[in-house]
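One structure below.
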Amino acid sequence: MNPMKQAPRKLLSSLCSKCLCGKKIFLFFIMILNNLVLETKLQRKKTPFMANINENYLKLKAGYLFPEIGRRVRAYSEANPDKRIIRLGIGDVTLPLSKSIVEAMKKAADDMSTSQGFHGYGPEQGYDFLISKIIENDFKPRGVDIGIDEVFVSDGSKCDSGNIQEIFSTDAKIAVTDPVYPVYVDTNVMAGRTGEAGEDGRYKNIIYMPCKAENNFQPDFPTEKPDLIYLCYPNNPTGMVATKERLTEWVAYAKKNDAIILFDAAYEAFIQDDSIPHSIFEIPGAKEVAMEFRSFSKTAGFTGLRCAYIVIPKELKGKTKSGEAVSINTLWNRRHSTKFNGVSYVTQKGAEACFSEEGKKEIKANVKYYMENAAMIQKGLNEAGFETFGGNNAPYIWLRTPKGKTSWEFFDFLLQKAQIVGTPGSGFGPAGEGYFRLSAFGKREDVEEALKRIKALS
């Protein structure tokens, strides 16, 4: 028998031989002790001794948009293995890496095999050989002067646009277009800047700027003061663009309200209209109120390689609670250096090749191919009776769903009846309900086949 269990019995026996009063006191003591032990056991079952979680993650809606699309597609494919599915949903590219990029990466890999050419940890901000080419080709021709220490090379604009919020206060008020790229919203929910999502899908404490056909998908300026404004042009998902006049108004609005614009220009290479700015820094004064995200993913086919960059001018300032001005460039450099080891040497050599004369020609051909797809999709949808938007300066076509069908109902309809995968507009925000996005990044033969199937449904 356990000695610990024997001890109370011995004590009880001793008390019994001395006095009845002592026995009663001891039994009362044992009863209290047993109750405490039982309560502790129950409490342990309810709340194990584990680390507390970040409960802001529990505010997130059921699932990130694209994994949910993948789940539905997998379920359909498993149930219908004989059906060929055409994917025009997620904006992944289909053209292979161009010759100049592959050759540059092969050479860089050969460099790594020698003691003289080996590269270990590189600069977290990126190698100067790539940054200098970015400045010379992406900004100088547009009259924009960018310093080499204002460019930060990364593994993707998704990461940059999601991580940038870390350097701002958790009580910062954000403004987003609606519909919107989900990363902007979800990362701020995770950080604790929002309340719960309402029945309409909008999170409390976020300023939503609806973009619909009625306002030509151009958001009105917020009446409530924002601290951070997310803008994406050419826009994902609507495919619309912002004129120089409109961006000038946004810069003036940001200055007036002491706000910072987070400008996502990942699709700027697809702009066909010469009057449309490719960079917000083409607007006078923008360096004081904006940063810009760029990517090699869609133009050079780097979705699997991962390389992008963010431009943060030294003129851009934030402030402490006491009102002291602080450099956003310095803060991001500190965060970037702490949490990121840099893009690989081989990958950056591939990115550098994008700016060679041959590389420029190859990328221009890629863009032309995808924009021809966009024109075909738009024309085919219009012929099938759909109302479409975008597609002229962006690789996305935004269309109204047929009357009586929600965005997700139309997704299921296209998948089940035509084996075509698109993206439900409501997945980008409440104002996206009743709309649907198709991507022009598919293979030409798939685009042609998809249009045949869609026309057969009408």
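Any read-out appearing in this document is the output of simple, stated calculations on the displayed coordinates, not a laboratory observation. Just so we're clear, the structure is a prediction, and the values are computed from it rather than from any experiment. Every residue, glycine as well, gets a Cβ built from its backbone with ideal geometry; the counts of neighbours run over all protein chains shown.
The table below lists the values:
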{"item": "Computed over the stretch 99-357: relative contact order in percent, which uses C-alpha pairs under 8 Å that are six or more apart", "result": "26"}
{"item": "Taking the stretch 342-458 and dividing mean pair separation by its residue count, relative contact order in percent (alpha carbons under 8 Å, at least six apart)", "result": "25"}
{"item": "Antiparallel DSSP beta bridges within the stretch 99-357, as percent of all bridges there, nearest 5", "result": "40"}
{"item": "Whole-number percent relative contact order across the stretch 242-353, with pairs defined as alpha carbons under 8 Å at least 6 apart", "result": "20"}
{"item": "Neighbour-count order for Asp264, Asp92, fewest beta carbons within 10 angstrom listed first", "result": "Asp92, Asp264"}
{"item": "For the stretch 69-126, with +1 on Lys and Arg beta carbons and -1 on Asp and Glu, the positive-most of Ser100, Gly122, Met112 along the dipole", "result": "Ser100"}
{"item": "Debye, to nearest 20: dipole size of the stretch 99-357, +1 on Lys, Arg Cβ, -1 on Asp, Glu Cβ", "result": "360"}
{"item": "Projected area, mean over directions - the stretch 99-357, Cα convex hull, nm²", "result": "14.9"}
{"item": "Relative exposure of Thr303, Thr243, Thr177, judged by other C-beta atoms within 10 Å (fewest first)", "result": "Thr243, Thr303, Thr177"}
{"item": "Sorted by Cβ density within 10 Å, fewest first, the residues Leu95, Leu65", "result": "Leu95, Leu65"}
{"item": "Only Lys, Arg (+1) and Asp, Glu (-1) charged, at Cβ; the chain dipole about Cα centre in debye", "result": "2820"}
{"item": "Rg/Rh ratio calculated on Cα atoms of the chain (Kirkwood radius)", "result": "1.15"}
{"item": "Dipole of the chain [Lys/Arg +1, Asp/Glu -1 at C-beta], most positive-end residue of Pro424, Val73, Pro313", "result": "Val73"}
{"item": "Computed [θ] at 222 nm, deg cm²/dmol, the chain (DSSP H ≥ 4; -39,500 (n - 2.57); rounded to nearest 500)", "result": "-13000 deg cm²/dmol"}
